[in-house]
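K.L.:
One structure, pasted below without further comment.
The values are calculated or read from the model by the stated rules, or taken from the named source; none is laboratory data. This is a predicted model, so every value here is computed, not measured. Glycine gets a Cβ as well: all are built from the backbone with ideal geometry, and neighbour counts include every protein chain shown. Note: areas computed on protein heavy atoms with side chains; ligands, DNA, RNA excluded. Shrake-Rupley method; radii C 1.70, N 1.55, O 1.52, S 1.80 Å.
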Amino acid sequence: HTPLFQVMFILQNNEQGELRLGGAGVEALGTGGSAAKFDLTLSVWDAGGEIRGGLEYRAALWDHATMERMLDHFGTLLEQVAADPGRRCPEIRLLRTAERERVLWEWNTTDAPFSDGACLHELVEAQARRTPAAPALRHGPRTLAYAEMDRAADRLAGHLRTRGVVPETRVALFLEPSPEMVVALLAVLKAGGAYVPLDTGSPPERLAFLLEDAGARMVLTQAALADRLPRCGVEALVLDDVPADPGEDALSHTGSPAPAHAPSPENLAYVIYTSGSTGRPKGVAVPHRGVCNSTEAYIRAYGIRPGSRVLLFAPLHFDASVLDVFTALCSGATLVVAPREEMMPGDGLVGLLRHERITHLKITPSALAVTPPAALPELEAVMVGGETCSAELVASWGPGRRFFNGYGATEHSVRCTAMLCTDGTQPPPVGRPIANARLYVLDPHFEPAPVGVPGEVFMAGLPVTRGYLGRPGLTAERFLPDPFRDEPGARMYRSGDRGRWRADGTLEFVGRTDFQVKVRGFRIEPGEIEAALLEHPALVDAVVVAREGGAGERRLVGYVVPEAAAEVTAAALRAHLKERLPEYMVPSAVVVLERLPLTANGKVDRRALPEPEPATGEGYVAPRTPAEELVAGIWAEVLKVERVGATDDFFALGGHSLLATRVVSRLR
Ligand code: ADP
């Protein structure tokens, strides 16, 4: 950039005198091409009765087509101003009708048939009838055929019905990855209810909040986990205790429910919680219909079919898991379920992919980035999504297979694009909307932004979900009537993402309009962490940001201001947070400040927040044995810290789950 300004506008309205040089003739000649002095220079001059002009631009920054579009928009603007000089600026449209039609309609013409009228579990049941003997679930040496899985789910569904589960009843799942977990999920749906997956690693206080907020009627768990559940008045059903052979009563309820109790596609299938900016997580209420549509669209896009082996990589409480479960079980493929330890990104994951001969892997870019690309001839498709994907990732994992970048949000039935990436030199765009989904890029006046111009992304069409459970105000704020469609009730979800269209109709993700961040694939509202920090009696102010960490990754850093004379330590504050938040939301560094830096207009100046001091262990104890020395050395290398003591805490030194996988592979 030129340091002071990048864009110049010149109006040549001085009188053009004639140059005389005695008797010599003088004629102006064009100088032809020249070097652009600024990013953009628009000059116009009065040419006797008309205004002429020219645009000079930095060719390294803009391409010719972009500049032609920009001139066209400028022309449209001038025409409107000339026709109606009283028009207010926000009422001026940059887009001509044809371009407006293209971005709103042509690129959103996605109508396609799908199994409308069915619920998710009915699609699985239909598959079980088509391929009863095919392997549906694999877990280590165990395999469950489609018919067996369906029968087990029917039995449990019968049991749930006797306990009063009907459409819209929320049933929480507190289960570790296992075939029983998938069977329980299907059983809740078959009984007509909606499942609410809980993170088994969450602190009890948060679990109690989620169970209450979801209005869960019961929680399904396993004997080994039951004592981690908070006591909060919600009935826990331990699956190990449910008789495999149902009693009379339950038997009469297996198979299809009575019509009055059968769910419809508009009923809830699940409620998934995401971070909430005001301090409370919010439950996204997702009906069957949109997910049935997405499931079938992604089965086609990813080419999942009988014989495919899909790894259930995401935990159930992340909605990415929904597509893994249903794209596999609605297409006759096998869903491979593995314990978390075996799916550690890195060599561990590669070993599992090879051993289980996985054909389709859906994973976050952060987890894939720490997994060494390996020869995996059977892995035919890798699907990343949930956060930005780098060009290097496409270059290292794309060759020899299909590589997709998927974009979407929980509020819009998981995902809504599938970009096939082939170019490993540029960060990939996120693609076009899938079947029956629509994407709009709008300016602050809800008008479509021109191609190439960033705006806010609104997600519309069939996948729009119901909203936030029990939060009508927040739902009304984020789920707006779709102004571009006449269909009654059509809504669009305001994503808070910034994006722009490329000329080929694919969408590029540009960033956020708010503070929401993705850290290692986790969607986090810093406001939720700030609220949890401020529950500490000694703090008067707190702000949390995501910074690029020492090891080249994003990490959360908290900045706190204690009351005068109050003594707080980073370690105590982290312990305070661990009681309230899941591990991935606990900042790896907490910096104590006297006051927060402010901007001229009194807001927290996030850019002026200091880089945290490099982590060093407090109360250093030198490694005492050769093994401790070895481990400390590896930690120091992976965490990029100078020294590591025998009693240091890996997480307090800036460690997190993905760095831990590096430690593990080095230790091996
Ligand atoms: P997901 O399951 O897609 O991660 P979440 O509801 O957890 O859904 O997060 C949605 C947000 O994640 C989006 O609003 C966007 O900010 C971000 N996101 C999702 N997919 C991508 C992607 N492919 N590239 C960049 N950001 C993405």
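K.L.:
Need one value: the accessible area of residue 84 in square angstrom, 1.4 angstrom probe, rounded to the nearest 10.
P.N.:
60
K.L.:
Then there's this: Against the longest principal axis of the chain, how steep is helix 288-302, in degrees 0 to 90 to the nearest 10, with axes from Cα atoms?
P.N.:
The answer is roughly 70 degrees.
K.L.:
Quick one: ranking 629, 125 by accessible area, 1.4 Å probe, largest first, what do you get?
P.N.:
629, 125
K.L.:
Leaving out ligands, DNA and RNA but keeping every protein chain, what accessible area does residue 389 have, in Å² rounded to the nearest 10, with a 1.4 Å probe?
P.N.:
10
K.L.:
From the square roots a ≥ b ≥ c of the eigenvalues of the alpha-carbon gyration tensor of the range 147-230, which class results: rounded (a/c under 1.5), prolate (a/b over b/c), or oblate?
P.N.:
Cα axes put the range 147-230 in the oblate bin.
K.L.:
Here's another thing I want to ask about it. Explain nothing, just compute: Karplus ³J(HN,Hα) = 6.51 cos²θ - 1.76 cosθ + 1.60, θ = phi - 60°, for every residue of the range 523-530 in order, whole Hz, x for Gly and Pro.
P.N.:
7, 10, 9, x, x, 5, 6, 4
K.L.:
Ranked from highest to lowest mean number of other Cβ atoms within 10 Å per residue, what is the order of the peptides 103-113, 535-545, 328-338?
P.N.:
In decreasing order of mean packing, 103-113, 535-545, 328-338 become 328-338, 535-545, 103-113.
K.L.:
What is the angle, in °, between the Cα long axis of helix 626-639 and the longest principal axis of the Cα atoms in the chain? Nearest 10 is fine, range 0 to 90.
P.N.:
Taking the Cα atoms of the chain, the angle to 626-639 is about 40 degrees.
K.L.:
Could I ask something else about it? Could you please state how large a percent of the accessible area of the range 73-168 is carbon and sulfur, counting protein chains only and using a 1.4 Å probe?
P.N.:
Details: 2830 of 5050 Å².
The computed percentage sits at 56.
K.L.:
Shifting gears a bit: Please compute the Cα-Cα pair-distance distribution of the range 515-592 with 5 Å bins starting at 0, giving whole percents from short to long.
P.N.:
Result returned by the calculation: 3, 17, 30, 25, 15, 7, 2, 0.
K.L.:
Can you bin the range 297-442 into rounded, prolate or oblate? Criterion: square roots of the alpha carbon gyration tensor eigenvalues sorted a ≥ b ≥ c, rounded for a/c under 1.5, prolate for a/b above b/c, oblate for the rest.
P.N.:
Oblate, since a/c reaches 1.5 and b/c is not below a/b.
K.L.:
What number comes out for accessible area per residue over the chain if the probe is 1.4 Å? Units Å², please.
P.N.:
It amounts to 47 Å² per residue over the chain.
K.L.:
With all protein chains present, calculate the accessible area of residue 419 using a 1.4 Å probe and round the result to the nearest 10 Å².
P.N.:
Taking all protein chains as shown, residue 419 has close to 40 Å².
K.L.:
While we're looking at this one, here's another question. If you take the square roots of the eigenvalues of the alpha-carbon gyration tensor of the chain and sort them as a ≥ b ≥ c, do you get rounded (a/c under 1.5), prolate (a/b over b/c) or oblate?
P.N.:
prolate
K.L.:
Follow-up. Using the structure shown, select from 518/603; 518/578; 190/578 the pairs with a Cα to Cα distance greater than 25 angstrom. It would help to have the intermediate numbers written out before the result.
P.N.:
Details: 518/603 23 Å; 518/578 19 Å; 190/578 36 Å.
Violating the 25 Å limit, Cα to Cα: 190/578.
K.L.:
Okay, moving on. What is the antiparallel percent of DSSP beta bridges lying wholly in the chain, to the nearest 5?
P.N.:
60
K.L.:
Output the 0 to 90 degree angle, nearest 10, between the alpha-carbon long axis of helix 320-329 and the longest principal axis computed from the alpha carbons of the chain.
P.N.:
For helix 320-329, the angle is close to 60 degrees.
K.L.:
Give the ranking of 20, 415, 300, 96 by solvent-accessible surface, highest area first, calculated with a 1.4 Å probe.
P.N.:
20, 300, 96, 415
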